[in-house]
Amino acid sequence: MEFAFDLLLCSCIFLLCFFGFLFFPRKTNRRLPPGPVGLPFLGSLLELGNKVNESLYSLSKIYGPLMTIRLGMKTVIVVSSAKVAEEVLHKHDRDFSGRSVGEAAKTLDHYKHSMAWLPAGPRWRELRRFCNTEVFSSKRLDALRGLREKKVEELLQHVQAASADGCAVDIGRCALVTALNIVSNTFFSKDVANLEHGVAAQELKDLVGGIMETAGRPNLADFFPPLRLVDPQGVRRAMTGFFQRMHELFDAMIEERLQAYAAASSVRTDDFLDVLLQLGGKPGSEYTMDVLKSLFMDMFVAGSDTTSSTIEWAMAELLHHPGKMAALRSELKKFIGDGRPVEEADIPQLAYLDAVVKETLRLHPPLPLLLPHESEDTVELCGYTIPGGTQTIVNAWAIGRDPQAWEDPVSFSPERFVGSEINYKGRDFKFIPFGAGRRICVGLPLAKRVVPFVVASLVHRFSWKLPDGMTPEQLDMDDMFGLILKKRVPLKVVPALNF
Ligand code: HEM
């Protein structure tokens, strides 16, 4: 009898605790947006699955375009419509311009110096100002046009050699080497990767790919901070290896330049490493070696895989839709004709090409959840109260496929952008592959030139055939979630020289 009473009492206490736990977060966070209750302790972690962008999209269909989701010990808000994105990235741009820094970005104190991870304070502003005026201004980019044309010509020569041998070309790999070399020449006047000699290129590709993949993987230590000490998935360990190797590379470039200064006893001022080293040499300068290395890391990591993945998806969509490929080819023939290569200066006149790239970015934004924003202080948003320090995810992938914003949203139809006013500047919130507001991608002016230029050059110079008798319908168009939304199966196609 006594035992039965104890059991009953224990059961009551257990049930009280259980339901108390379930309802506690709702009661205290009454003014947070709605969202799934999730499991005790884990929250909705198990619901994220392998394709986080798609899982969040599905949940938003139940809970709405502004949703709260509990992931372990962390509360996150998720934005899934153009209207709410406008509230967050425009109306409350300043309030949400913080960054939620995961464990991966803390490797070797990267986040303390990195433009991508610093809070939007004076040091971040200074780095953005430097990049906007010294690296990505029209004047600076125009000055380096010849260099980019040279790198694209090298890519075309590489593809031409493959076409002579009848070999398939791995588009993503080639585009990545080109993107890496464009970034490295912009800063160091030097290639870091080589299309012909696979080893260095492969190592860099692996490093950048490894960083992206590791940083994009949901990390338990981000959701359960006490686990930071144990690093249960080895994220910190893996990132430390990648970062150390990248730092060695940058150290070697900087050392080489310093030795060149010593030997010539004069300073060249025609690339950004020179400018940065001069700034760094000034007393009290904020451009310490750590800052320089974080800046280079940001540029290589944020600027290469995003660019090459977009090129790969654009080519894949064109091969999957031969009619669109024909339409682009015909535009290139009309404006450029056979016999001369595409030049970067041709790009602004090619409206269909522009539409192809935009449509590719709508369906396959390389950063499907942008980078994680964070509310700086408590904010009133759409009638809810978002506490300061809340991670804020904008699902750009879902917004690009919202049937209320786009007709027939999953079909690849560049025509929807022809004659449309929508641009990349993040003013139309249904199309934000580069983000919007003060945290919009700083490398946008470079990406806007490189992606269409490479796609146009590949399509103009070569005809492309899928390998092994594969039909366009059979081409695998599945993606793989990470920080970058990549093609699951790399695109390999056989080129034939047009002229
Ligand atoms: C197709 C190419 C690219 C796409 C789609 C892209 C997209 C993005 C997105 C979505 C963000 C985050 C915006 C946000 O959090 O709201 C971002 C940030 C950033 N991007 Fe890009 N990007 C591309 C190319 C580049 C290039 C070429 C560079 C530099 C060489 C670059 C450097 C950066 C940096 C440094 C940030 C962090 C900015 C900050 O937090 O202030 N990106 N990019």
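The values are calculated or read from the model by the stated rules, or taken from the named source; none is laboratory data. Since this is a predicted model, take the numbers as computed values, not measurements. Cβ atoms come from the backbone with ideal geometry, glycine included; neighbour counts cover every protein chain shown. Accessible surface is based on the protein model in full, side chains and every heavy atom, while ligands, DNA and RNA are left aside. Shrake-Rupley method; radii C 1.70, N 1.55, O 1.52, S 1.80 Å.
Cβ-Cβ distance below 9 Å, separation of 6 or more or different chains: which pairs start in segment 116-128 with a residue that is closer than 14 Å to Y287 by Cβ and end on one that is away from the ligand (no atom under 11 Å from the Cβ) and among the acidic types (D, E)?
R123/E286; E126/E286; L127/E286
Against the definition (part of a helix (DSSP H, G or I), assigned by TED's automatic domain parsing to the domain that holds I440, modelled with pLDDT of 95 or more and more than 16 Å from the ligand (Cβ to nearest atom)), how does E153 come out, yes or no?
Answer is yes for this residue.
Looking at segment 354-365, is at least one residue farther than 26 Å from G146 by Cα and either modelled with pLDDT under 95 or polar (S, T, N, Q) (or both)?
yes
Quick check on my filter: what residues within segment 111-125 are assigned to a helix (DSSP H, G or I) and within 12 Å of the ligand (Cβ to nearest atom)?
Answer for segment 111-125, where residues must be assigned to a helix (DSSP H, G or I) and within 12 Å of the ligand (Cβ to nearest atom): Y111, R123, W124, R125.
So T310 clears everything in (1) away from the ligand (no atom under 16 Å from the Cβ); (2) in contact (Cβ under 8 Å) with a residue 24 or more places away in the chain except one condition, right? Which one?
(1) is the only condition that T310 fails.
Could you list, in sequence order, the residues of segment 425-446 that are more than 7 Å from the ligand (Cβ to nearest atom) and either of a type outside the set (G, A, S) or touching a Lys or Arg at 6+ places or on another chain (Cβ under 6 Å) (or both)?
Result: K425, R427, D428, F429, K430, F431, I432, R438, P445.
Taking H113 as meeting all but one of (1) under 26 Å from V76 (Cβ atoms); (2) open to solvent by 50 Å² or more (accessible area, probe 1.4 Å), write down the number of the exception.
Only one criterion is unmet by H113, namely (2).
Exactly one condition in (1) open to solvent by less than 30 Å² (accessible area, probe 1.4 Å); (2) touching a Gly at 6+ places or on another chain (Cβ under 8 Å) is false for F41; which is it?
Every listed condition holds for F41 apart from (1).
Pick from segment 470-499 the residues that are open to solvent by less than 20 Å² (accessible area, probe 1.4 Å) and not aliphatic (A, V, I, L, M): which of them is farthest from L319 (Cα to Cα)?
G482
Here is a list: A168, A161, A252. Which entry is of a type in the set (A, V, I, L, M, F, W, C), touching a strand residue (DSSP E or B) at 6+ places or on another chain (Cβ under 7 Å) and open to solvent by 30 Å² or more (accessible area, probe 1.4 Å)?
Matching residue, one of A168, A161, A252: A168.
Considering only segment 343-385, state which residues are hydrophobic (A, V, I, L, M, F, W, C), away from the ligand (no atom under 16 Å from the Cβ) and either open to solvent by 10 Å² or more (accessible area, probe 1.4 Å) or on the phi > 0 side of the Ramachandran plot (or both).
Across segment 343-385, the qualifying residues are A345, A351, C382.
What are the pairs with Cβ atoms under 7 angstrom where one residue, in segment 445-461, is among the charged types (D, E, K, R) and the other, located anywhere, is within 9 Å of the ligand (Cβ to nearest atom)? Sequence gap at least six, or different chains.
Sorted first by the residue in segment 445-461, then by its partner, the pairs are K448/Y424.
Out of curiosity, is S413 over 21 Å from the mean Cα position of the chain (by Cα), closer than 27 Å to E331 by Cα and exposed (fewer than 15 other Cβ atoms within 10 Å of the Cβ)?
When the stated conditions are applied, S413 does not pass them.
For segment 389-398, state whether one or more residues are under 24 Å from I69 (Cβ atoms) and away from the ligand (no atom under 16 Å from the Cβ).
The answer is yes, given that some residue of segment 389-398 is under 24 Å from I69 (Cβ atoms) and away from the ligand (no atom under 16 Å from the Cβ).
For R140, all conditions in the list (1) open to solvent by 30 Å² or more (accessible area, probe 1.4 Å); (2) modelled with pLDDT of 95 or more; (3) more than 28 Å from V230 (Cα to Cα); (4) within 16 Å of the ligand (Cβ to nearest atom) hold save one; what is the number of the exception?
Unmet condition: (2).
Within segment 126-137, count every residue that is within 12 Å of the ligand (Cβ to nearest atom) and open to solvent by 60 Å² or more (accessible area, probe 1.4 Å).
2
Do we have any residue at all in segment 100-110 that's under 25 Å from L277 (Cβ atoms), within 13 Å of the ligand (Cβ to nearest atom), without any contact (Cβ under 8 Å) to a residue 40 or more places away in the chain and not in a strand (DSSP E or B)?
no
Okay, residues lined up against (1) under 27 Å from the mean Cα position of the chain (by Cα); (2) part of a helix (DSSP H, G or I); (3) surrounded by 13 or more Cβ atoms within 10 Å (Cβ to Cβ); (4) modelled with pLDDT of 95 or more:
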{"site": "D6", "(1), (2), (3), (4)": "no, yes, no, no"}
{"site": "C10", "(1), (2), (3), (4)": "no, yes, no, no"}
{"site": "C17", "(1), (2), (3), (4)": "no, yes, no, no"}
{"site": "L22", "(1), (2), (3), (4)": "no, yes, yes, no"}
{"site": "P25", "(1), (2), (3), (4)": "no, yes, yes, no"}
{"site": "N53", "(1), (2), (3), (4)": "yes, yes, yes, yes"}
{"site": "Y57", "(1), (2), (3), (4)": "yes, yes, yes, yes"}
{"site": "T68", "(1), (2), (3), (4)": "yes, no, yes, yes"}
